[in-house]
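The values are calculated or read from the model by the stated rules, or taken from the named source; none is laboratory data. On a predicted model such as this, the values are computed, not experimentally measured, just so you know. No Cβ is skipped: glycine too gets one built from the backbone with ideal geometry, and neighbour counts run over all protein chains shown.
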Amino acid sequence: MLSCSKTAIRLSRQSALAIKPRQFTPTLSQLLLMRAASTKSAAMLKDQGLLRQQALINGKWVDAADGSTFQINNPATGEELGSAPEMGLVETKEAIAAASEAFKTWSKTTAKERHDLLKKLYDAMVANMEDLALIITLENGKSKADAKGEGVYAASFIEWFAEEATRTYGDTIPSPAQGIRNVTIKQPIGVCSILTPWNFPSAMITRKVGPALAAGCTVVIKPPAETPFSSLAFAELAQRVGFPAGVINVVTTHKNIKEIGKEMCENKSVKKVSFTGSTGIAKLLASQASSTLKKMSIEAGGNAPFIVFDDADLDKAIEGAIIAKFRNSGQTCICSNRIYVQSGVYDEFAARLAERVDKFKVGNGLDEGTTHGPLIHSAAVDKVERHVKDAVERGASVLVGGKRLEGNFFAPTVLSDVPSDAQLTVEETFGPVAGLIKFETEDEVIKLANNTPYGLAGYVYSNDIGRSWRVSEGLEVGMVGANTGSLSTAYIPFGGVKESGYGREGGREGIAEYLTTKLISFGGL
Ligand code: SIN
């Protein structure tokens with residue numbers, strides 16, 4: 001375990017600023033050890049066949065046309081886990097063409113046939129859950145418990161949308177004219193480009209691909225360069241249970257991401273793009289997709305406010321803050337980024353939160369007892385460090401953590417007295433830093449909470465039902481947790497407003513993103 005011990009509590013402002021960044025630069029002997037460990041990690045899988053190191057196009061596992069590859073490393077240890085094909089434009093066009101061809105027959109299958117195949121895929125995910133979770137931990141770094149949680153979450157989208165496949169109802173609409181009957185039917189939109197992030201390597205695939213397949217669409221997936229193995233394992237299971245060639249295609253890349261992303265958004269055969277990632281990239285992709293007016297859904301950056309009123313149940317508020325802030329080491333779009341605490345309970349909340357955070361066990365996600373793993377790479381650690389430094393320079397105090405650890409690790413941190421203009425209130429930190437801001441009134445905190453271009457999630461803790469309701473309605477976000485820090489299930493419409501994107505994933509709305517509504521007006525009756 002890495003130390004995030006009490007010694008770090010109440011670190012003085014000077015010492016927090018004096019901490020030097022430490023890059024993870026392994027020595028030759030460390031590198032050799034890592035290679036040995038690489039075989040060891042892969043060997044831990046019960047089913048070695050799930051660690052696919054090729055891409056999937058038209059039902060065939062393939063290398064890049066020029067044979068080039070890129071490496072995937074465990075962010076906790078630097079260990080090389082394996083490689084994936086470095087694909088480009090040619091392979092992307094092939095994948096889209098395969099998906100287009102497959103759409104002709106897949107779109108004609110019955111909802112029941114798609115339901116049955118998705119149920120088989122769900123069963124295969126459940127049967128292989130230990131391996132799927134291990135792959136998540138190896139490539140993303142999250143703890144075993146978090147990885148298992150993600151694996152179950154990922155499978156639940158396949159189960160949910162298997163059922164939703166059979167419920168894509170249309171309407172009958174009364175006509176104002178005699179002799180006319182209007183009905184609507186739902187039809188699959190076509191080939192879908194699926195672009196996903198590394199923070200949930202498995203669940204962000206299934207949240208998009210589940211409804212696409214259920215609706216009768218075919219997909220081309222571009223997983224993130226950091227974590228392609230989860231999507232390849234998912235595709236392997238889909239092949240095993242019998243998804244036809246071309247229905248699911250996976251194109252991997254590291255350095256050609258720009259040209260592949262552009263093709264996936266501009267290619268005329270693609271009818272829908274679904275993206276989860278940063279707001280900056282979302283804007284670029286949306287402008288590319290607009291060239292052919294493709295339907296798009298976007299889940300982009302967040303800057304979630306977490307509001308605790310004097311009348312809140314503090315035990316629940318602290319547990320909620322632990323989940324909403326520190327899940328996946330803070331690398332979650334719905335992570336609370338700004339924690340507003342009313343003045344009457346501020347000191348108690350701050351002390352108790354710091355005490356809980358100090359008990360975290362930071363380390364390699366594979367180690368027994370690890371609660372929080374590393375960040376994805378050193379650039380992520382740099383950003384977190386920058387936010388802490390900025391807050392401390394503006395007068396915040398470090399209650400616990402506040403420092404960079406070895407490699408890609410940052411000590412889980414609680415900062416008090418963060419001014420409301422600190423960098424971490426403006427920009428998503430995407431790391432394990434809870435910045436506490438004191439407030440006095442309901443109106444004041446709603447204004448502060450809404451003072452951001454983002455609007456994904458928000459949280460409010462109060463035992464006054466009227467206040468919870470007013471604040472929930474007043475927050476400019478797509479999702480509110482009222483007395484809960486946990487929102488994520490397959491059953492709810494997940495998504496944001498403002499610059500956090502548009503469209504909803506999961507829930508009843510999730511499948512609508514992959515369907516078009518066709519009116520058929522019968523005349524002359
Ligand atoms: C995300 O971080 O984008 C997804 C988080 C979740 O589904 O809970």
> If you go through segment 421-432 one residue at a time, do you hit one that is farther than 29 Å from Glu139 by Cα and either within 16 Å of the ligand (Cβ to nearest atom) or in the same structural domain as Asp146 (by the TED database) (or both)?
Replying inline: no
> Which one is farthest from the ligand (Cβ to nearest atom), of the residues in segment 150-164 that are buried (at least 22 other Cβ atoms within 10 Å of the Cβ) and either free of Cβ contacts under 8 Å to residues at least 12 places away in the same chain or of a type in the set (Phe, Trp, Tyr) (or both)?
Replying inline: Phe161
>> Exactly one of these conditions fails for Ile281: (1) under 20 Å from Val381 (Cα atoms); (2) within 16 Å of the ligand (Cβ to nearest atom). Give me its number.
In response: (1)
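I need the full set of residues from segment 444-465 which are within 21 Å of Ala300 (Cβ to Cβ) and in contact with a helix residue (DSSP H, G or I) (Cβ under 9 Å, 6 or more places away or on another chain), in order please. Break it down into steps so the answer makes sense when it comes.
Residues of segment 444-465 within 21 Å of Ala300 (Cβ to Cβ): 449-459.
Within segment 444-465, Ala449, Asn450, Asn451, Thr452, Pro453, Tyr454, Ala457, Gly458, Tyr459 meet the criteria.
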> Counting only residues that are out of contact with any helix residue (DSSP H, G or I) (no Cβ under 6 Å at 6 or more places or on another chain) and away from the ligand (no atom under 16 Å from the Cβ), which one in segment 223-235 is farthest from Pro432 (Cα to Cα)?
Replying inline: Ala235
> Do we find a residue being under 30 Å from Ser193 (Cβ atoms), touching a strand residue (DSSP E or B) at 6+ places or on another chain (Cβ under 9 Å), assigned by the TED database to the domain that holds Arg470 and part of a loop (DSSP other than H, G, I, E, B) anywhere in segment 311-327?
Replying inline: no
> Going through segment 339-377 one residue at a time, which ones are surrounded by fewer than 19 Cβ atoms within 10 Å (Cβ to Cβ) and part of a helix (DSSP H, G or I)?
Replying inline: Asp347, Glu348, Ala351, Arg352, Glu355, Arg356
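If the requirement is being more than 16 Å from the ligand (Cβ to nearest atom) and in contact with a Phe, Trp or Tyr (Cβ under 6 Å, 6 or more places away or on another chain), which of these qualifies: Arg167, Arg181? Full working, then the answer.
Details: Arg167 fails: in contact with a Phe, Trp or Tyr (Cβ under 6 Å, 6 or more places away or on another chain).
Sole residue among the options that is more than 16 Å from the ligand (Cβ to nearest atom) and in contact with a Phe, Trp or Tyr (Cβ under 6 Å, 6 or more places away or on another chain): Arg181.
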> Any idea how many residues of segment 411-448 are in a strand (DSSP E or B) and farther than 16 Å from Tyr459 by Cβ?
Replying inline: 6
> For Asn408, are the conditions met, namely being farther than 30 Å from Phe309 by Cβ, in a loop (DSSP other than H, G, I, E, B) and touching a Phe, Trp or Tyr at 6+ places or on another chain (Cβ under 8 Å)?
Replying inline: yes
>> I'd like to verify a number: residues in segment 293-316 that are closer than 18 Å to Tyr502 by Cβ, more than 17 Å from the chain's Cα centre (by Cα) and either free of Cβ contacts under 8 Å to residues at least 40 places away in the same chain or within 15 Å of the ligand (Cβ to nearest atom) (or both), how many?
In response: 2
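Is it the case that Leu405 is under 30 Å from Ser378 (Cβ atoms), at pLDDT 95 or above and surrounded by 22 or more Cβ atoms within 10 Å (Cβ to Cβ)?
Numbers: under 30 Å from Ser378 (Cβ atoms): yes; at pLDDT 95 or above: yes; surrounded by 22 or more Cβ atoms within 10 Å (Cβ to Cβ): no.
When the stated conditions are applied, Leu405 does not pass them.
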> Which ones in segment 186-208 are more than 11 Å from the ligand (Cβ to nearest atom) and either surrounded by fewer than 24 Cβ atoms within 10 Å (Cβ to Cβ) or closer than 17 Å to Ile260 by Cα (or both)?
Replying inline: Lys186, Gln187, Ile189, Gly190, Val191, Cys192, Ser193, Ile194, Leu195
> In this structure, is Thr489 more than 16 Å from the ligand (Cβ to nearest atom), of a type in the set (Val, Ile, Thr) and surrounded by fewer than 16 Cβ atoms within 10 Å (Cβ to Cβ)?
Replying inline: no
> Restricting attention to segment 356-386, which residues are in contact with a strand residue (DSSP E or B) (Cβ under 6 Å, 6 or more places away or on another chain) and either more than 24 Å from Gly149 (Cβ to Cβ) or of a type in the set (Phe, Trp, Tyr) (or both)?
Replying inline: Phe360, Glu385
> Looking at segment 255-264, is at least one residue away from the ligand (no atom under 16 Å from the Cβ) and either in contact with a Gly (Cβ under 6 Å, 6 or more places away or on another chain) or not in a helix (DSSP H, G or I) (or both)?
Replying inline: yes
> Of the residues that sit in segment 492-525 and are assigned to a loop (DSSP other than H, G, I, E, B) and of a type in the set (A, V, I, L, M), which one is surrounded by the fewest Cβ atoms within 10 Å (Cβ to Cβ)?
Replying inline: Leu525
> Do any residues in segment 484-499 that are without any contact (Cβ under 8 Å) to a residue 60 or more places away in the chain have Cβ atoms under 6 Å from those of residues that are of a type outside the set (A, V, I, L, M, F, W, C) and within 10 Å of the ligand (Cβ to nearest atom), where the two are at least six apart or on different chains, and which pairs are they?
Replying inline: Ile492/Gly506
> Could you list, in sequence order, the residues of segment 37-65 that are in contact with an Asp or Glu (Cβ under 8 Å, 6 or more places away or on another chain) and assigned to a loop (DSSP other than H, G, I, E, B)?
Replying inline: Leu45, Lys46, Asp47, Arg52, Gln54, Asn58, Ala64, Ala65
> Out of curiosity, is Asn328 within 16 Å of the ligand (Cβ to nearest atom), within 26 Å of the chain's Cα centre (by Cα), among the polar types (S, T, N, Q) and closer than 30 Å to Gly466 by Cβ?
Replying inline: no
